[in-house]
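Each remark here refers to the structure printed beneath this line.
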């Protein structure tokens, strides 16, 4: 074989041999394209894990700090509403006693009355109105008695690590400590350092907002400056100290709760949620860490991570990962919205469980903030 022929053969084989060389796994943009429902690339493609420094986090200030008036009993009297059950009687008429329920329309139906609207009245106001209206049908205005038998219109939710979680009627002024005591008190947790629930991440929600009540100071230290009076529809949640989870919310395919492990990363957590959805703001993923009493927020460029331009981020127990739907300008306002959705999610899940409904997919979440 001539040297010229050998040269031609090597020239032909050289590209083939070069194609057999392996450079290890590479990022495939088709598997983690922004704005698709495809899950992110597996965390095994990112051997580097970085722990965020404390300087990366900013404190979240709140406007829902405890107000002085919350520590005083409310002065407004109990007012009737749908679901309340009252007993009405015309004094001197043995057969006139009847138990009636205030309907969804706020009306009661008693004796000759065709339908009397009592929603928003006190018991004394309802008693006078019933007597006046009955006087239109009988010769002498009767003397009536109205007694509250069951409260269905005003309630508070007490769920989580208490002896008897459930929904409790609110008939009189009740403080937070009294409400927890009425639910049997906090459950002692075997194996935990304090023997108490996770008080740092327990919360009270009112009108869709987190109130900055420090449950640790209230229950463990007896700080009565945290012992506010409750209002109807307040939601109290004592978080279990055995819960070891990461919460993934926002613009992901399936908002979910991910069991925590020491090597759990941001990429892996988002993969568990099915990846980001179309138009998700992946360059500004929020990571909230710390207690609900003193939360902190960091912004992570997830786009740089899945493109291999930044190391993956190691998560900590209790972290909340939130992928924004739209761009935001003020970090503090955005952080408050994320925390609001987080507690709404917990409240929804616990409310469903208390009602006996299964929670499908890990999270029952409200609309985004």
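The values are calculated or read from the model by the stated rules, or taken from the named source; none is laboratory data. None of these values were measured; they are calculated from a predicted model. Please note: Cβ atoms are built from the backbone with ideal geometry, for glycine as well, and neighbour counts cover all protein chains shown.
Observations on the model:
- From 94, 131, residue being loosely packed, with under 13 Cβ neighbours inside 10 Å and farther than 30 Å from residue 213 by Cβ: 94
- Selection count, the range 299-317, where residues are modelled with pLDDT of 90 or more and either assigned to a strand (DSSP E or B) or on the phi > 0 side of the Ramachandran plot (or both): 5
- Filter result for the condition that a residue is exposed (fewer than 14 other Cβ atoms within 10 Å of the Cβ), in the same structural domain as residue 90 (by TED's automatic domain parsing) and farther than 14 Å from residue 82 by Cα, over 146, 140: 140
- With respect to the conditions (1) within 27 Å of residue 296 (Cα to Cα); (2) modelled with pLDDT under 85, residue 171 lacks only one, and its number is (1).
- If you check 258, 267 for being more than 25 Å from residue 178 (Cα to Cα), in contact with a helix residue (DSSP H, G or I) (Cβ under 8 Å, 6 or more places away or on another chain) and assigned to a strand (DSSP E or B), only one passes: 258.
- The condition of being more than 28 Å from residue 239 (Cβ to Cβ) and within 22 Å of the chain's Cα centre (by Cα) holds for only one of 326, 299, that being 326.
- Residue tally, condition surrounded by fewer than 18 Cβ atoms within 10 Å (Cβ to Cβ), in contact with a strand residue (DSSP E or B) (Cβ under 6 Å, 6 or more places away or on another chain) and at positive phi, over the range 233-274: 0
- Here the condition is being free of Cβ contacts under 8 Å to residues at least 24 places away in the same chain, in the same structural domain as residue 215 (by TED's automatic domain parsing) and within 23 Å of residue 226 (Cβ to Cβ); of 169, 164, it holds for 164 alone.
- When the range 112-122 is limited to residues that are surrounded by 17 or more Cβ atoms within 10 Å (Cβ to Cβ) and in contact with a helix residue (DSSP H, G or I) (Cβ under 8 Å, 6 or more places away or on another chain), the one that is farthest from residue 82 (Cα to Cα) turns out to be 113.
- Pairs are defined by a Cβ separation below 7 Å, a sequence spacing of at least 6 or placement on different chains, a first member in the range 201-229 that is outside the structural domain of residue 294 (by TED's automatic domain parsing) and under 20 Å from residue 342 (Cα atoms), and a second member that is part of a helix (DSSP H, G or I) and at pLDDT below 85; the pairs so defined are 203/343; 205/343; 205/347; 208/340; 209/340; 210/339; 210/340; 210/343.
- Residue within the range 203-223 that is closer than 30 Å to residue 86 by Cα and touching a strand residue (DSSP E or B) at 6+ places or on another chain (Cβ under 6 Å) present: yes
- Residues located in the range 46-83, provided they are under 26 Å from the mean Cα position of the chain (by Cα), exposed (fewer than 15 other Cβ atoms within 10 Å of the Cβ) and at pLDDT 80 or above: 54, 58, 59, 67, 68, 69, 71
- Meets criteria (in contact with a strand residue (DSSP E or B) (Cβ under 8 Å, 6 or more places away or on another chain) and either within 30 Å of residue 70 (Cβ to Cβ) or modelled with pLDDT under 90 (or both)) for residue 277: no
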